[in-house]
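**Q** Below is a structure I'd like to ask you about.
The values are calculated or read from the model by the stated rules, or taken from the named source; none is laboratory data. Bear in mind the structure is a predicted one, so any value in this text is a computation, not a measurement. Glycine gets a Cβ as well: all are built from the backbone with ideal geometry, and neighbour counts include every protein chain shown. These area figures cover heavy atoms from the full protein model, side chains too; ligands, DNA and RNA do not enter into them. Shrake-Rupley method; radii C 1.70, N 1.55, O 1.52, S 1.80 Å.
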Amino acid sequence: MSESLRLGSGKELDELVRNRLRLWPQRPPGITRTPKQPGTWLRGRPGELSLAAQPFLKLPGTNTYRTIPDGLWLHFSPDPADRYADILCIEACGSISNLQDKRARFAPWTGSLLVVCPLRWMMERVGAEDHTPRWRLIRLLREAPTEPLVLPVRDVRVLYGLKARHYLGFAKSQMPAPHEYFCPMEALTAVDGHEAPEMQSLIGRASATANFMTPP
């Protein structure tokens, strides 16, 4: 029996998924550099346990209701004159009601979604082996920031991890929205899940060029 199926509570499952996602690289596995996304990818969540300030999502005009995905990868525009971010979110869903709640948060609508990058997060190093401050890799920034970076979200892709019985049932009877992707929970709890060809292929299909017959 897999490690995820032995877990008793949703909090334990969420924590296991976050621990695994911390092993994933800064660029999502399977995502290649293309003219549609020529900027920098950085992992926003989950971050180091010692760093409380991590990127989050919000709606304009509110500081109360935030969306904090289990996993959040950010692609930053390279052009200071055209500021935006593309996001890839990963959500572990331990129940159908949890899936429905999280799908509702990412449902397409007419409002603008914002991503907020805290100042401390941008000033911190990329990782244990790369001491470069994150802001230096965000090419739309020309100098060290002095306040949080708030960007409109241009493109949203969401990968949902479901327990086996939920995954099979959803795959048989439901139709995902164009921005939605699904995988069994075991794919997220695997120690080297980001190296699995199936996962790299799935996330590769979630790229900004996937909808074009001949990408630019």
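**Q** Any idea which of (1) more than 24 Å from S201 (Cα to Cα); (2) open to solvent by 20 Å² or more (accessible area, probe 1.4 Å) is the one P35 doesn't satisfy?
**A** So the condition that P35 fails would be (1).
**Q** A further question on this structure: Please list, ordered by first then second residue, the pairs with beta carbon atoms under 6 Å, 6 or more apart or interchain, first in the stretch 41-63 and under 15 Å from A128 (Cα atoms), second open to solvent by 40 Å² or more (accessible area, probe 1.4 Å).
**A** What qualifies is L42/Q26; R43/Q26; P46/R18; P46/R22.
**Q** In addition: Determine, yes or no, whether R157 is in contact with a Leu (Cβ under 6 Å, 6 or more places away or on another chain) and under 15 Å from L74 (Cα atoms).
**A** Yes, satisfied.
**Q** For residues that are part of a helix (DSSP H, G or I) and among the aliphatic types (A, V, I, L, M), scanning just the stretch 131-184, find the one that is least open to solvent (accessible area, probe 1.4 Å).
**A** Ranking the candidates gives A164 first.
**Q** Also: Determine whether the stretch 104-117 contains at least one residue that is more than 20 Å from I31 (Cα to Cα), among the basic types (K, R) and within 18 Å of the chain's Cα centre (by Cα).
**A** Within the stretch 104-117 (the criterion being more than 20 Å from I31 (Cα to Cα), among the basic types (K, R) and within 18 Å of the chain's Cα centre (by Cα)), the answer is yes, since at least one residue qualifies.
**Q** Then there's this: Return the residues of the stretch 110-130 that are open to solvent by less than 50 Å² (accessible area, probe 1.4 Å) and either without any contact (Cβ under 8 Å) to a residue 60 or more places away in the chain or among the charged types (D, E, K, R) (or both); say none if nothing qualifies.
**A** If the condition is that a residue be open to solvent by less than 50 Å² (accessible area, probe 1.4 Å) and either without any contact (Cβ under 8 Å) to a residue 60 or more places away in the chain or among the charged types (D, E, K, R) (or both), then G111, L113, L114, M122 are the ones that fit.
**Q** Pull out all pairs, ordered by first then second residue, where Cβ-Cβ is under 6 Å, the residues are six or more apart or on different chains, the first lies in the stretch 1-28 and is basic (K, R), and the second is at pLDDT 75 or above and open to solvent by 70 Å² or more (accessible area, probe 1.4 Å).
**A** none
**Q** What pairs come out if I take residues in the stretch 191-216 that are β-branched (V, I, T) and pair them with residues that are open to solvent by 80 Å² or more (accessible area, probe 1.4 Å) and not in a helix (DSSP H, G or I) whose C-beta lies under 9 Å away, six or more apart or interchain?
**A** Correct list of pairs: V191/L23; T209/T32; T209/P35; T209/P216.
**Q** To continue, here is another question. Taking the stretch 185-211 as the region of interest, how many residues are assigned to a loop (DSSP other than H, G, I, E, B), surrounded by fewer than 20 Cβ atoms within 10 Å (Cβ to Cβ) and not charged (D, E, K, R)?
**A** 8
**Q** Also, I was wondering about something else. For the stretch 14-107, list the strands (runs of 3 or more DSSP E) that sit wholly inside it and hold at least 3 residues that are modelled with pLDDT of 95 or more and either out of contact with any Pro (no Cβ under 7 Å at 6 or more places or on another chain) or within 21 Å of G127 (Cβ to Cβ) (or both); which are they?
**A** Correct list: 40-45, 71-76, 85-93.
**Q** Could you check I87 against (1) touching a Phe, Trp or Tyr at 6+ places or on another chain (Cβ under 8 Å); (2) β-branched (V, I, T); (3) touching a residue at least 24 places away in the same chain (Cβ under 8 Å); (4) open to solvent by 50 Å² or more (accessible area, probe 1.4 Å) and say which number it fails?
**A** (4)
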